[in-house]
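Participant: My structure is below; once you've seen it, I'll send some questions.
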Amino acid sequence: MSSTFSRRATLAAGASALALGAVPQVFAQSRTKLRFSSAFTEQDLRTEAYKNFAAAIKDNFDFEPYWGNTLFKQGTELVALQRGNLEMCNLAPADISKQVPAWSLMTSAYLFRDVDHLKKTFKSDVGREFIKMARDQLGIQIITPVYFGSRNVNLKPTKEIKTPADLAGIKLRMPPGEYWQFLGESIGVNPTPVAYAEVYTALQSGAIDGQDNPLVASRLMKFNEVTTQFVLTGHVLGYDVMVITTKLWDAMPPERQAQFQAAAEKAIDDYTAKFVAQEKEVLEAFKKEGKKVYTPDLAAFRKFAQKKYVDKYGSEWPKGALERINAL
């Protein structure tokens, strides 16, 4: 009898010890895994923002990043989210518009005036309508836009540019693809597809007259060495969107959603302030080098570009959406 009791007590004690030892693992497993994909590398300033975000949510989420498209190729992330092979990513709005044509408005030239207008749009009624559209049709929850610089025209010729008419005949490098080529047409240039890595030599040889990129990227690639001027057209505000699958988002209680949203916005806002300061530094550096840096007639550019987009894509856009965004 006493032997049986001892054996039972020993087994019970062992089970208790095993259970106690498993407690940390159980808690670790209770954290939701977030496999995250981005096109930018770990050296990018945006990486710091996402790492700060991950630190802010670490009690509830296990953030597992894959920088530089090491998990999924650029352009395939949305399908990976939809198939359940990915939980989060830094998504290009052009990828959304491929499945939801109305979203082409959100990628059009001269839609956003600056980063504040971008943020204000996503917080507005019209912005929430586009967020709902992506949610209902694609199964993704958009958390916040992630700004990475406005695109500006950078030319080798010294001709002063005031309106789109002044860019007629200018061979401006644009990335391959219908969206990018049409963007070039919308500002008046002759869009010429050239691979990003070949832009410097194409400028050097005269194969192209110029290129358009955010100022920080232009300095990084040393395009200033083979050009004479920067025309601050600001024709497209470069941004992606931080997204999570609706399956995970809807599984969160409202208070956790609020914490998640607040952590994301703080991390991205802090990063954006640093990036905008960096843009200003680059601009001043170009001026000190003796590069011509000036702003053309933006009203003329905006009118020209928006008409082009309305004529081609306007029938796909929600009625009145462009006017509501312009009015913000």
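The values are calculated or read from the model by the stated rules, or taken from the named source; none is laboratory data. Being a predicted model, the structure only gives us computed values, none of them experimental. Heads up, the Cβs are rebuilt from the backbone with ideal geometry, glycines too, and the neighbour counts pull from every protein chain shown. To get the accessible areas, we keep the full protein, side chains included, count just its heavy atoms, and leave off ligands, DNA and RNA. Shrake-Rupley method; radii C 1.70, N 1.55, O 1.52, S 1.80 Å.
Participant: Hey, can you find the accessible area per residue of region 172-277 for me, probe 1.4 Å, expressed in square angstrom?
Facilitator: 39 Å²
Participant: While we're on this one: In whole percent, what relative contact order does the chain give with Cα contacts below 8 Å and a gap of six or more residues?
Facilitator: The normalised contact order for the chain reaches 23 percent.
Participant: Please list the non-local residues whose amide H lies under 5 Å from the amide H of ILE143, H modeled 1.01 Å from N, same-chain partners needing a gap of 5 or more.
Facilitator: MET242, VAL243, ILE244
Participant: How big is the antiparallel share of DSSP beta bridges in the chain, given as a percent to the nearest 5?
Facilitator: 55 percent
Participant: Apply the Karplus curve 6.51 cos²θ - 1.76 cosθ + 1.60, θ = phi - 60°, to the phi angles in region 248-265 and return the couplings in whole Hz, x for Gly and Pro.
Facilitator: Once rounded to whole Hz, the list reads 6, 4, 5, 7, 7, x, x, 5, 6, 4, 5, 5, 4, 4, 5, 5, 5, 5.
Participant: Taking amide hydrogens as modeled 1.01 Å from N in the peptide plane, which residues meet the under 5 Å criterion relative to PHE63, leaving out close sequence neighbours?
Facilitator: LEU34
Participant: Over region 179-328, what is the mean sequence separation of C-alpha contacts under 8 Å (at least six apart), divided by residue count, expressed as relative contact order in percent?
Facilitator: 34 percent
Participant: Compute the signed sum of charges (Lys and Arg +1, Asp and Glu -1) over the other residues within less than 15 Å, Cβ to Cβ, of GLN74.
Facilitator: Neighbourhood net charge equals -1.
Participant: So, one more: Rounded to the nearest 10 degrees, what's the angle between the helix 298-313 long axis and the longest principal axis of the chain, both from Cα atoms, 0 to 90?
Facilitator: Once rounded, one gets 70 degrees.
Participant: So what's the back-of-envelope 222 nm ellipticity for the chain, counting only DSSP H runs of four-plus at -39500 (n - 2.57) apiece and dividing by all residues, rounded to 500?
Facilitator: One gets -15500 deg cm²/dmol as the mean residue ellipticity at 222 nm.
Participant: So I have [x] 22.1; [y] 19.4; [z] 20.1, and one of them is Kirkwood radius over Cα pairs in Å calculated from this model. Which one is it?
Facilitator: [x]
Participant: Could you give me the ³J(HN,Hα) list for region 96-108, computed from phi with Karplus coefficients 6.51, -1.76, 1.60 and θ = phi - 60°, whole Hz, x at Gly and Pro?
Facilitator: 5, 5, 5, 9, 10, x, 4, 6, 4, 4, 6, 10, 7
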